[in-house]
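S.K.: Below you'll find the structure I mean.
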Amino acid sequence: MKDAYIVLDYSALETQLSSVMTPHLKGYVTAKARAAHGTKYFNAYRATEPVGFVCDMRQPLKALHDAIQFIKGRLSSIRTSQVKILIAGHGQFNENRGIVQGGASGTMLGVTNEHIADHVSRITSALQGQWIQWTLSLCVCFAARPKTGYADRVTQDSDVEDSMAGQLARLLRKKLPDFTLKANFTPVSIGDSGHLKANLEQSQLRKFRLKQAEELARNQYARGYAFWSNLDSTEPMPLWSMCFTSVYALKEDEVSDENVTSAELQESFRHEFLQLAEGIAATDAEFAESLERNAEALGDILNYRLVDLRVQAHQSSSIEKANKVVWTCAKGQLSHTVTIRES
C-alpha cells in the first residue's frame, strides 16, 4: 500500500453533471482506505484516518496546497515513503495534448499536459528532501494510445510517445527526476476494488470499426442521418423510434457487424418495419402523414438507423489487468514498457 493517494479531479471542471467523475474518485480513495486498514503495519495509522485526498481542480491552488498538507500528515517515519497521484479526467482517442472537456466523449481540449505537469510539480517540489517514491496513474481514456493510427491494434512496436501519456512523461522528466507513470490504451473506469478497469483491446477495435461504419453511413444515407439527428424535427419521432426499436429487437439475432449494411438485411428490415408502421398509422393520422411524407427517403432513414443502433448496442468488456504502458524516469532518464496482457 502507498502512504498517500492524491487524486487530481479534472472532471470537476465539467459543466455536465453526468460527466463528473468525483463520486467514483471518492469511492477510489475509500477502497484504498479499506485495503490499508485491513492490513496491520508496524507503527500503522489508526483505522479511522484517511489514506486518500481528492483535489477539486476547479480551485487548483487551494486544492494542491491542501494535498501537500495531507501528504505531510501521512508520511511514515521510515526512510522511504510512497505516494500515488491519480490524474482523472476525460480523454479522446484523437487528442494527445491533454484532458478534454464537454462531456464524457469530449469535444475540446480542456487541460493541457503542460498544466497537468505544473500541478504535479507543485506537489512534488513542495516535498523535496523527503524520501518519496512517486507513482502517477492516468484515469484518462486512451491516454496511452498513439493519436496517429489510433484505430490500429496496439503492439510492442506502437508509437506510444505519440500519446498523452508519452507527452506528459517527457514534461514531467524536466520537473521530477524519478517517477513512474502508468496509462491504458482504451477507455478506463474505477472498479469497486479501487483498481482501474480498462476496455479490452479487441473490444475497442470493434468499437472503432463500428464508428467508422457509422461515419460512412452518414454520407451514404445522408437523408437518414439528417432525419434522426434533427433535434427540432416536427415529425412524430417517438413513434418512429418505437417502431424501429421494436423491429430491431425482433431481428437483433440476425444483425451482425458484417451484414448490417447488406441489401438483404435492409430489405428484410424495411418489410418488417412497414408492417408494424402501417398498422400504427391506421389509427394515428399524424404518423400516417409522416410515413407518406418520408416515403422516398425511407430507405435512407432505416438503413442509417440500423448502423447507428448497432453502434449504440455495442457493449464493451473490461478487465483490471488490461494492456498498458508504464513510463519510468530514473535520475532523469526516461524509458517505457508496453504490457500486452490480452491474447
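The values are calculated or read from the model by the stated rules, or taken from the named source; none is laboratory data. Bear in mind that the values here come from a model prediction, so they are computed numbers and not experimental data. Because the Cβ atoms are built from the backbone with ideal geometry, glycine has one as well, and the counts that use them run over all protein chains shown. These area figures cover heavy atoms from the full protein model, side chains too; ligands, DNA and RNA do not enter into them. Shrake-Rupley method; radii C 1.70, N 1.55, O 1.52, S 1.80 Å.
S.K.: Looking at the structure I just gave you, is GLU201 charged (D, E, K, R), at negative phi and either within 25 Å of the chain's Cα centre (by Cα) or open to solvent by 50 Å² or more (accessible area, probe 1.4 Å) (or both)?
M.R.: Values: charged (D, E, K, R): yes; at negative phi: yes; either within 25 Å of the chain's Cα centre (by Cα) or open to solvent by 50 Å² or more (accessible area, probe 1.4 Å) (or both): yes.
Against the criterion (charged (D, E, K, R), at negative phi and either within 25 Å of the chain's Cα centre (by Cα) or open to solvent by 50 Å² or more (accessible area, probe 1.4 Å) (or both)), GLU201 qualifies.
S.K.: Further question on the same structure: Select from the stretch 99-153 the residues that are among the polar types (S, T, N, Q) and in contact with an Asp or Glu (Cβ under 9 Å, 6 or more places away or on another chain) and list them in ascending order.
M.R.: GLN101, GLN133, THR148, listed by residue number.
S.K.: Next question, about the same structure. State which residue is nearest to ALA295 (Cα to Cα) when the search covers only the stretch 231-257 and only residues that are open to solvent by less than 80 Å² (accessible area, probe 1.4 Å), part of a loop (DSSP other than H, G, I, E, B) and of a type in the set (S, T, N, Q).
M.R.: This residue is SER233.
S.K.: Quick check on LEU276: is it at pLDDT 95 or above, part of a helix (DSSP H, G or I) and either over 20 Å from LEU216 (Cβ atoms) or charged (D, E, K, R) (or both)?
M.R.: Values: at pLDDT 95 or above: yes; part of a helix (DSSP H, G or I): yes; either over 20 Å from LEU216 (Cβ atoms) or charged (D, E, K, R) (or both): yes.
Yes.
S.K.: Do any residues in the stretch 219-238 that are more than 15 Å from VAL307 (Cβ to Cβ) have Cβ atoms under 6 Å from those of residues that are part of a helix (DSSP H, G or I) and hydrophobic (A, V, I, L, M, F, W, C), where the two are at least six apart or on different chains, and which pairs are they?
M.R.: Pairs that qualify, where the first residue is more than 15 Å from VAL307 (Cβ to Cβ) and the partner is part of a helix (DSSP H, G or I) and hydrophobic (A, V, I, L, M, F, W, C), are PRO236/PHE287.
S.K.: Same structure, new question: Please tell me if THR186 is surrounded by 16 or more Cβ atoms within 10 Å (Cβ to Cβ), over 21 Å from ASN303 (Cβ atoms) and either without any contact (Cβ under 8 Å) to a residue 24 or more places away in the chain or touching a strand residue (DSSP E or B) at 6+ places or on another chain (Cβ under 6 Å) (or both).
M.R.: yes
S.K.: Somewhere in the stretch 296-311, is a residue assigned to a strand (DSSP E or B) and touching a residue at least 24 places away in the same chain (Cβ under 8 Å)?
M.R.: Checking the stretch 296-311: not a single residue is assigned to a strand (DSSP E or B) and touching a residue at least 24 places away in the same chain (Cβ under 8 Å).
S.K.: Across the stretch 169-178, what is the total count of residues that are in contact (Cβ under 8 Å) with a residue 60 or more places away in the chain and surrounded by fewer than 23 Cβ atoms within 10 Å (Cβ to Cβ)?
M.R.: Here is the first cut: in the stretch 169-178, the residues in contact (Cβ under 8 Å) with a residue 60 or more places away in the chain are 169-170, 172-173, 176-178.
Filter again for surrounded by fewer than 23 Cβ atoms within 10 Å (Cβ to Cβ), leaving 170, 173, 176-178.
The qualifying residues number 5.
S.K.: Return a yes/no flag: does the stretch 136-143 have any residue that is more than 19 Å from VAL7 (Cβ to Cβ) and either part of a loop (DSSP other than H, G, I, E, B) or open to solvent by 30 Å² or more (accessible area, probe 1.4 Å) (or both). Full working, then the answer.
M.R.: Start the filter on the stretch 136-143 by keeping residues that are more than 19 Å from VAL7 (Cβ to Cβ), which leaves 142.
In the following step, the residues that additionally are either part of a loop (DSSP other than H, G, I, E, B) or open to solvent by 30 Å² or more (accessible area, probe 1.4 Å) (or both) were identified as 142.
Yes, the conditions are met somewhere in the stretch 136-143.
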